[in-house]
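One structure coming up, written as C-alpha coordinates, with questions to follow.
The values are calculated or read from the model by the stated rules, or taken from the named source; none is laboratory data. On a predicted model such as this, the values are computed, not experimentally measured, just so you know. With ideal geometry, Cβ positions are generated from the backbone for all residues, glycine too; neighbour counts draw on all protein chains shown. To get the accessible areas, we keep the full protein, side chains included, count just its heavy atoms, and leave off ligands, DNA and RNA. Shrake-Rupley method; radii C 1.70, N 1.55, O 1.52, S 1.80 Å.
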Amino acid sequence: MGAPPIFTGPFLTAAAGNFLFFTNLAAYFLLPLHLKQLGTTEAGLGLIMGLYSGTAIVCQPVVGVWVDRVGRRPFMLGGAALAAIASLLFALAPDALPLLALLRVLQGLASSMYFIASFAFVVTLVPAERRGQALGIFGISGLTSTALGPALGEVVVKAYGFRVFFAAAAALAAAALLVTTRLGELPTRRPASPVGLAGLLGGILTAPRVPMALGLSFGLGTGVVFTFLPTYAATLGVERIGLFAIAYSLGALTVRAAAGRLIDTVGRRLIIVPALGLQTTAAIVLAVMGPLVARGGAPAGPLLVVTGLLAGTAHGFLYPALSALVMDLTPEERRGLMIGVFSAFILTGQAAGAMGFGYLAHVLGYPPMFGLLAACLAGATALGFRLRS
(Lines give C-alpha, C1' and ligand atoms only; values in the text may rest on other atoms or scores of the structure.)
Protein backbone atom coordinates (compact mmCIF):
# COMPACT_ATOMS: atom_id res chain seq x y z
CA MET A 1 0.00 0.00 0.00
CA GLY A 2 1.12 3.56 -0.68
CA ALA A 3 1.78 6.15 1.96
CA PRO A 4 -1.30 7.96 3.33
CA PRO A 5 -1.98 11.22 1.47
CA ILE A 6 -1.05 14.65 2.80
CA PHE A 7 -2.66 16.89 0.18
CA THR A 8 -6.27 16.52 1.22
CA GLY A 9 -8.88 19.24 0.82
CA PRO A 10 -8.75 20.33 4.49
CA PHE A 11 -4.92 20.41 4.41
CA LEU A 12 -4.84 22.66 1.34
CA THR A 13 -7.57 24.89 2.80
CA ALA A 14 -5.66 25.23 6.07
CA ALA A 15 -2.46 26.06 4.15
CA ALA A 16 -4.29 28.74 2.14
CA GLY A 17 -5.69 30.31 5.30
CA ASN A 18 -2.25 30.16 6.92
CA PHE A 19 -0.69 31.89 3.92
CA LEU A 20 -3.23 34.72 3.92
CA PHE A 21 -3.09 35.20 7.69
CA PHE A 22 0.68 35.38 7.94
CA THR A 23 1.04 37.50 4.81
CA ASN A 24 -0.99 40.05 6.77
CA LEU A 25 1.37 39.89 9.75
CA ALA A 26 4.57 39.67 7.70
CA ALA A 27 3.68 42.92 5.95
CA TYR A 28 4.11 44.70 9.29
CA PHE A 29 7.86 44.24 8.84
CA LEU A 30 7.43 47.69 7.22
CA LEU A 31 5.77 49.25 10.26
CA PRO A 32 9.06 50.77 11.59
CA LEU A 33 9.15 52.98 8.48
CA HIS A 34 5.75 54.40 9.41
CA LEU A 35 6.75 54.81 13.04
CA LYS A 36 9.86 56.75 12.02
CA GLN A 37 7.70 59.05 9.88
CA LEU A 38 5.67 59.77 13.01
CA GLY A 39 8.85 60.81 14.83
CA THR A 40 9.19 57.74 17.03
CA THR A 41 12.59 57.35 18.70
CA GLU A 42 14.62 54.16 18.31
CA ALA A 43 13.69 53.17 21.86
CA GLY A 44 10.00 53.76 21.19
CA LEU A 45 10.19 51.91 17.91
CA GLY A 46 11.79 48.91 19.60
CA LEU A 47 9.15 48.93 22.33
CA ILE A 48 6.20 49.05 19.92
CA MET A 49 7.63 46.34 17.67
CA GLY A 50 8.67 44.19 20.63
CA LEU A 51 5.17 44.22 22.12
CA TYR A 52 4.13 41.72 19.45
CA SER A 53 6.71 39.09 20.41
CA GLY A 54 6.36 39.79 24.13
CA THR A 55 2.61 39.22 23.94
CA ALA A 56 3.08 36.01 21.96
CA ILE A 57 5.60 34.60 24.47
CA VAL A 58 3.14 35.08 27.33
CA CYS A 59 -0.01 34.10 25.47
CA GLN A 60 0.94 31.03 23.49
CA PRO A 61 1.10 28.46 26.32
CA VAL A 62 -2.19 29.82 27.73
CA VAL A 63 -3.84 29.76 24.31
CA GLY A 64 -2.58 26.20 23.87
CA VAL A 65 -4.45 25.10 27.01
CA TRP A 66 -7.72 26.53 25.71
CA VAL A 67 -7.20 25.11 22.23
CA ASP A 68 -7.03 21.66 23.85
CA ARG A 69 -10.22 22.33 25.81
CA VAL A 70 -12.36 24.14 23.23
CA GLY A 71 -11.05 22.96 19.86
CA ARG A 72 -8.96 24.28 16.98
CA ARG A 73 -11.47 25.98 14.68
CA PRO A 74 -12.81 28.64 17.11
CA PHE A 75 -9.31 29.93 17.79
CA MET A 76 -8.38 29.99 14.10
CA LEU A 77 -11.52 32.03 13.40
CA GLY A 78 -10.92 34.27 16.40
CA GLY A 79 -7.28 34.90 15.50
CA ALA A 80 -8.13 35.83 11.91
CA ALA A 81 -10.93 38.13 13.09
CA LEU A 82 -8.65 39.89 15.60
CA ALA A 83 -5.96 40.38 12.94
CA ALA A 84 -8.52 41.93 10.60
CA ILE A 85 -9.81 44.24 13.35
CA ALA A 86 -6.29 45.31 14.30
CA SER A 87 -5.38 46.18 10.69
CA LEU A 88 -8.66 48.04 10.22
CA LEU A 89 -7.93 50.13 13.33
CA PHE A 90 -4.42 50.82 11.99
CA ALA A 91 -6.08 52.17 8.84
CA LEU A 92 -8.65 54.26 10.73
CA ALA A 93 -6.12 55.88 13.10
CA PRO A 94 -2.66 55.51 11.54
CA ASP A 95 -1.15 58.44 13.47
CA ALA A 96 -2.30 57.53 17.02
CA LEU A 97 0.91 56.18 18.54
CA PRO A 98 -0.55 54.92 21.86
CA LEU A 99 -3.22 53.04 19.91
CA LEU A 100 -0.60 51.54 17.58
CA ALA A 101 1.19 50.09 20.59
CA LEU A 102 -2.04 48.48 21.81
CA LEU A 103 -2.71 47.13 18.33
CA ARG A 104 0.67 45.36 18.35
CA VAL A 105 -0.48 43.61 21.52
CA LEU A 106 -3.69 42.65 19.74
CA GLN A 107 -1.68 41.31 16.81
CA GLY A 108 0.45 39.23 19.18
CA LEU A 109 -2.70 37.70 20.64
CA ALA A 110 -4.17 37.10 17.17
CA SER A 111 -0.98 35.42 15.99
CA SER A 112 -0.89 33.19 19.08
CA MET A 113 -4.49 32.10 18.60
CA TYR A 114 -4.23 31.36 14.89
CA PHE A 115 -0.79 29.77 14.93
CA ILE A 116 -1.36 27.38 17.83
CA ALA A 117 -4.80 26.32 16.58
CA SER A 118 -3.78 25.85 12.94
CA PHE A 119 -0.66 23.91 13.90
CA ALA A 120 -2.67 21.63 16.19
CA PHE A 121 -5.28 21.23 13.44
CA VAL A 122 -2.70 20.06 10.89
CA VAL A 123 -0.96 17.73 13.38
CA THR A 124 -4.31 16.05 14.02
CA LEU A 125 -5.22 16.00 10.33
CA VAL A 126 -2.13 14.36 8.80
CA PRO A 127 -0.97 10.73 9.22
CA ALA A 128 1.51 10.30 12.07
CA GLU A 129 3.99 8.43 9.86
CA ARG A 130 4.24 11.49 7.58
CA ARG A 131 4.04 14.14 10.29
CA GLY A 132 7.50 15.65 9.76
CA GLN A 133 7.05 15.93 6.01
CA ALA A 134 3.53 17.34 6.38
CA LEU A 135 4.61 20.01 8.87
CA GLY A 136 7.46 20.99 6.58
CA ILE A 137 5.15 21.32 3.58
CA PHE A 138 2.56 23.22 5.60
CA GLY A 139 5.31 25.56 6.74
CA ILE A 140 5.97 26.55 3.13
CA SER A 141 2.82 28.67 3.30
CA GLY A 142 4.31 30.61 6.21
CA LEU A 143 7.76 30.96 4.64
CA THR A 144 6.23 32.22 1.39
CA SER A 145 4.13 34.77 3.24
CA THR A 146 7.24 36.02 5.04
CA ALA A 147 8.83 36.79 1.68
CA LEU A 148 5.77 38.16 -0.12
CA GLY A 149 4.20 40.24 2.67
CA PRO A 150 6.93 42.90 2.91
CA ALA A 151 7.59 42.88 -0.85
CA LEU A 152 3.96 43.46 -1.82
CA GLY A 153 3.46 45.85 1.09
CA GLU A 154 6.35 47.98 -0.08
CA VAL A 155 4.72 48.37 -3.50
CA VAL A 156 1.44 49.47 -1.87
CA VAL A 157 3.16 51.92 0.49
CA LYS A 158 5.12 53.60 -2.31
CA ALA A 159 2.05 53.92 -4.50
CA TYR A 160 -0.69 54.77 -2.00
CA GLY A 161 0.79 55.32 1.49
CA PHE A 162 0.39 53.54 4.78
CA ARG A 163 -3.34 54.06 5.29
CA VAL A 164 -4.11 52.03 2.15
CA PHE A 165 -1.42 49.55 3.18
CA PHE A 166 -3.20 48.94 6.49
CA ALA A 167 -6.55 48.58 4.71
CA ALA A 168 -5.04 46.04 2.30
CA ALA A 169 -3.64 44.12 5.26
CA ALA A 170 -7.12 44.07 6.80
CA ALA A 171 -8.47 42.60 3.56
CA LEU A 172 -5.88 39.81 3.72
CA ALA A 173 -6.87 38.91 7.27
CA ALA A 174 -10.54 39.00 6.29
CA ALA A 175 -9.76 36.63 3.41
CA ALA A 176 -8.00 34.30 5.88
CA LEU A 177 -11.13 34.38 8.04
CA LEU A 178 -13.31 33.54 5.05
CA VAL A 179 -11.11 30.61 4.03
CA THR A 180 -10.98 29.29 7.59
CA THR A 181 -14.77 29.16 7.81
CA ARG A 182 -14.60 26.31 5.27
CA LEU A 183 -12.77 24.10 7.76
CA GLY A 184 -14.68 21.80 10.08
CA GLU A 185 -13.59 20.86 13.59
CA LEU A 186 -11.64 17.60 13.84
CA PRO A 187 -12.57 15.01 16.47
CA THR A 188 -9.87 14.99 19.13
CA ARG A 189 -9.44 13.79 22.69
CA ARG A 190 -9.99 16.60 25.18
CA PRO A 191 -8.33 16.85 28.62
CA ALA A 192 -10.14 14.72 31.19
CA SER A 193 -10.30 17.68 33.59
CA PRO A 194 -9.91 21.46 33.19
CA VAL A 195 -6.32 22.68 33.17
CA GLY A 196 -5.80 25.56 35.59
CA LEU A 197 -2.69 27.54 36.40
CA ALA A 198 -1.13 24.56 38.16
CA GLY A 199 -1.74 22.39 35.12
CA LEU A 200 -0.25 25.04 32.84
CA LEU A 201 2.88 25.34 34.96
CA GLY A 202 3.06 21.57 35.21
CA GLY A 203 2.89 21.28 31.44
CA ILE A 204 5.75 23.75 31.08
CA LEU A 205 7.87 21.97 33.69
CA THR A 206 7.22 18.52 32.23
CA ALA A 207 7.90 19.54 28.62
CA PRO A 208 10.65 17.45 26.98
CA ARG A 209 13.77 19.30 28.03
CA VAL A 210 16.21 18.59 25.23
CA PRO A 211 13.81 19.49 22.37
CA MET A 212 12.80 22.66 24.23
CA ALA A 213 16.44 23.62 24.75
CA LEU A 214 17.14 23.04 21.07
CA GLY A 215 14.11 25.18 20.17
CA LEU A 216 15.52 27.95 22.35
CA SER A 217 18.87 27.61 20.58
CA PHE A 218 17.23 27.67 17.16
CA GLY A 219 15.38 30.85 18.13
CA LEU A 220 18.60 32.38 19.44
CA GLY A 221 20.35 31.77 16.12
CA THR A 222 17.57 33.17 13.96
CA GLY A 223 17.02 36.12 16.28
CA VAL A 224 20.67 37.20 16.22
CA VAL A 225 21.12 36.74 12.48
CA PHE A 226 17.96 38.54 11.38
CA THR A 227 18.44 41.38 13.86
CA PHE A 228 22.08 42.20 13.20
CA LEU A 229 22.91 40.93 9.72
CA PRO A 230 21.55 44.03 7.91
CA THR A 231 23.73 46.47 9.87
CA TYR A 232 26.71 44.08 9.81
CA ALA A 233 26.46 43.77 6.03
CA ALA A 234 26.22 47.55 5.68
CA THR A 235 29.53 47.97 7.54
CA LEU A 236 31.09 45.64 4.96
CA GLY A 237 29.79 47.70 2.06
CA VAL A 238 27.03 45.32 0.99
CA GLU A 239 24.31 47.20 -0.88
CA ARG A 240 21.89 44.33 -1.54
CA ILE A 241 21.05 42.59 1.71
CA GLY A 242 18.15 40.99 -0.17
CA LEU A 243 20.65 38.44 -1.50
CA PHE A 244 20.74 36.86 1.94
CA ALA A 245 16.94 36.77 2.23
CA ILE A 246 16.58 35.19 -1.20
CA ALA A 247 19.22 32.55 -0.48
CA TYR A 248 17.70 31.84 2.95
CA SER A 249 14.22 31.37 1.52
CA LEU A 250 15.55 29.26 -1.36
CA GLY A 251 17.38 26.94 1.03
CA ALA A 252 14.41 26.54 3.37
CA LEU A 253 11.80 26.08 0.64
CA THR A 254 13.91 23.60 -1.33
CA VAL A 255 14.39 21.44 1.74
CA ARG A 256 10.71 21.53 2.65
CA ALA A 257 9.60 20.63 -0.88
CA ALA A 258 12.25 18.10 -1.91
CA ALA A 259 13.67 16.50 1.22
CA GLY A 260 11.00 16.81 3.90
CA ARG A 261 10.23 13.08 3.72
CA LEU A 262 13.64 12.37 5.27
CA ILE A 263 12.38 13.71 8.62
CA ASP A 264 10.05 10.71 8.82
CA THR A 265 12.16 8.04 7.12
CA VAL A 266 15.58 8.44 8.76
CA GLY A 267 14.42 9.63 12.20
CA ARG A 268 14.34 12.97 13.93
CA ARG A 269 17.84 12.98 15.46
CA LEU A 270 19.60 12.19 12.18
CA ILE A 271 18.01 15.32 10.75
CA ILE A 272 18.19 17.63 13.78
CA VAL A 273 21.87 17.20 14.63
CA PRO A 274 23.26 17.89 11.11
CA ALA A 275 20.82 20.80 10.74
CA LEU A 276 22.13 22.31 13.97
CA GLY A 277 25.60 21.84 12.53
CA LEU A 278 24.57 23.81 9.44
CA GLN A 279 23.21 26.62 11.59
CA THR A 280 26.50 26.66 13.52
CA THR A 281 28.48 26.77 10.27
CA ALA A 282 26.44 29.74 9.07
CA ALA A 283 27.36 31.63 12.26
CA ILE A 284 31.03 30.72 11.74
CA VAL A 285 30.94 32.11 8.19
CA LEU A 286 29.49 35.35 9.54
CA ALA A 287 32.20 35.53 12.21
CA VAL A 288 35.04 35.19 9.70
CA MET A 289 33.36 37.21 6.95
CA GLY A 290 34.37 40.56 8.45
CA PRO A 291 38.12 39.84 8.54
CA LEU A 292 38.00 38.10 5.14
CA VAL A 293 36.36 41.09 3.51
CA ALA A 294 38.23 43.84 5.36
CA ARG A 295 41.71 42.29 5.26
CA GLY A 296 41.60 39.63 2.58
CA GLY A 297 39.52 41.43 0.00
CA ALA A 298 36.99 38.63 -0.23
CA PRO A 299 33.66 39.57 -1.86
CA ALA A 300 30.97 39.97 0.76
CA GLY A 301 28.02 39.25 -1.53
CA PRO A 302 28.84 35.61 -2.30
CA LEU A 303 29.63 34.98 1.37
CA LEU A 304 26.20 36.34 2.28
CA VAL A 305 24.59 33.99 -0.24
CA VAL A 306 26.47 31.03 1.23
CA THR A 307 25.40 32.05 4.73
CA GLY A 308 21.79 32.40 3.60
CA LEU A 309 21.77 28.96 1.99
CA LEU A 310 23.29 27.34 5.08
CA ALA A 311 20.97 29.06 7.54
CA GLY A 312 17.90 28.58 5.35
CA THR A 313 18.60 24.87 4.83
CA ALA A 314 19.06 24.48 8.60
CA HIS A 315 15.73 26.23 9.19
CA GLY A 316 14.01 24.09 6.56
CA PHE A 317 14.99 20.92 8.39
CA LEU A 318 15.10 22.05 12.02
CA TYR A 319 11.71 23.55 12.62
CA PRO A 320 9.55 20.71 11.24
CA ALA A 321 11.84 18.02 12.71
CA LEU A 322 11.83 19.55 16.19
CA SER A 323 8.10 20.24 15.99
CA ALA A 324 7.36 16.67 14.91
CA LEU A 325 9.54 15.33 17.72
CA VAL A 326 7.69 17.41 20.32
CA MET A 327 4.36 16.14 18.95
CA ASP A 328 5.66 12.55 19.01
CA LEU A 329 6.29 12.91 22.73
CA THR A 330 2.97 14.64 23.54
CA PRO A 331 -0.45 13.01 24.14
CA GLU A 332 -3.16 14.23 21.77
CA GLU A 333 -5.11 16.00 24.50
CA ARG A 334 -2.09 18.17 25.43
CA ARG A 335 -0.82 19.08 21.97
CA GLY A 336 -2.15 22.64 22.01
CA LEU A 337 -0.41 23.36 25.29
CA MET A 338 2.88 21.83 24.16
CA ILE A 339 2.83 23.66 20.82
CA GLY A 340 2.41 26.89 22.77
CA VAL A 341 5.26 26.03 25.14
CA PHE A 342 7.59 25.03 22.30
CA SER A 343 6.83 28.19 20.33
CA ALA A 344 7.36 30.31 23.45
CA PHE A 345 10.84 28.79 23.85
CA ILE A 346 11.70 29.72 20.26
CA LEU A 347 10.39 33.26 20.69
CA THR A 348 12.30 33.62 23.96
CA GLY A 349 15.48 32.61 22.18
CA GLN A 350 14.82 35.19 19.47
CA ALA A 351 14.17 37.94 22.01
CA ALA A 352 17.24 37.02 24.07
CA GLY A 353 19.38 37.03 20.95
CA ALA A 354 18.16 40.43 19.83
CA MET A 355 18.67 42.01 23.25
CA GLY A 356 21.69 40.25 24.74
CA PHE A 357 23.79 39.96 21.60
CA GLY A 358 23.20 43.61 20.76
CA TYR A 359 25.22 44.48 23.86
CA LEU A 360 27.95 42.04 22.79
CA ALA A 361 28.08 43.57 19.31
CA HIS A 362 28.41 47.04 20.86
CA VAL A 363 31.26 45.99 23.17
CA LEU A 364 33.13 43.43 21.04
CA GLY A 365 32.14 44.14 17.46
CA TYR A 366 30.21 41.98 15.02
CA PRO A 367 32.74 39.20 14.19
CA PRO A 368 33.39 38.24 17.85
CA MET A 369 29.67 38.45 18.57
CA PHE A 370 28.90 35.99 15.76
CA GLY A 371 31.77 33.84 17.01
CA LEU A 372 30.10 33.61 20.42
CA LEU A 373 26.82 32.75 18.70
CA ALA A 374 28.60 29.95 16.84
CA ALA A 375 29.93 28.62 20.16
CA CYS A 376 26.40 28.59 21.62
CA LEU A 377 25.04 26.79 18.57
CA ALA A 378 27.90 24.29 18.67
CA GLY A 379 26.90 23.49 22.25
CA ALA A 380 23.33 22.93 21.07
CA THR A 381 24.60 20.61 18.33
CA ALA A 382 26.39 18.54 20.96
CA LEU A 383 23.24 18.51 23.08
CA GLY A 384 21.33 17.15 20.08
CA PHE A 385 23.19 13.85 20.38
CA ARG A 386 21.23 13.23 23.58
CA LEU A 387 18.03 12.83 21.58
CA ARG A 388 16.81 9.25 21.54
CA SER A 389 15.36 9.21 18.05
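Given 387, 343, 226, which one lies farthest toward the positive end of the charge dipole of the chain, if we put +1 on the Cβ of every Lys and Arg and -1 on the Cβ of every Asp and Glu?
Working it through, the farthest residue towards the positive pole turns out to be 387.
Go through 376, 59 and list them by solvent-accessible area, largest first, probe radius 1.4 Å.
Sorted by accessible area, descending: 376, 59.
For n ≥ 4 DSSP H runs only, could you compute -39500 (n - 2.57) per run for the chain, divide by its residues and tell me the 222 nm figure to the nearest 500?
-27500 deg cm²/dmol
Leaving ligands, DNA and RNA out of it, rank 140, 272 by accessible area with a 1.4 Å probe, largest first.
If we order 140, 272 from most to least accessible, we get 140, 272.
Quick check for you: with a 1.4 Å probe and neighbouring chains kept, what is the accessible area per residue of the range 244-351, in Å²?
Using a 1.4 Å probe on heavy atoms only, each residue of the range 244-351 averages 35 Å².
Full-extension gain between residue 332 and residue 38, please, as 0.36 nm times their residue separation minus the C-alpha to C-alpha distance.
Roughly 101.1 nm would be gained on extension.
Suppose every K and R has +1 on its Cβ and every D and E has -1 on its Cβ; what is the size of the dipole of the chain about the Cα centre, in Debye to the nearest 20?
The dipole magnitude comes to about 520 debye.
Might you tell me the accessible area per residue for the range 87-132, computed with a 1.4 Å probe and given in Å²?
31
If you don't mind, another one. Considering only protein heavy atoms and a probe of 1.4 Å, how much of the accessible area of the chain is carbon and sulfur, as a whole percent?
Carbon and sulfur together cover 71 percent of it.
Please identify the helices of the chain, taking whole runs of DSSP H, that span at least 20 Å along their own axis as judged from the Cα atoms and have a mean Kyte-Doolittle score of 0.5 or higher.
The qualifying helices are 9-26, 42-70, 73-92, 97-125, 131-160, 162-180, 209-235, 269-294, 300-328, 335-364, 366-384.
Something else: Out of the chymotrypsin sites (Phe, Trp or Tyr not before Pro) in the range 315-389, which ones are loop residues according to DSSP with at most 15 other C-beta atoms within 10 Å?
385
Equivalent-ellipsoid semi-axes (√(5λ), Cα gyration tensor) for the chain, whole Å, largest first?
Equivalent ellipsoid of the chain: 31, 27, 20 Å, largest first.
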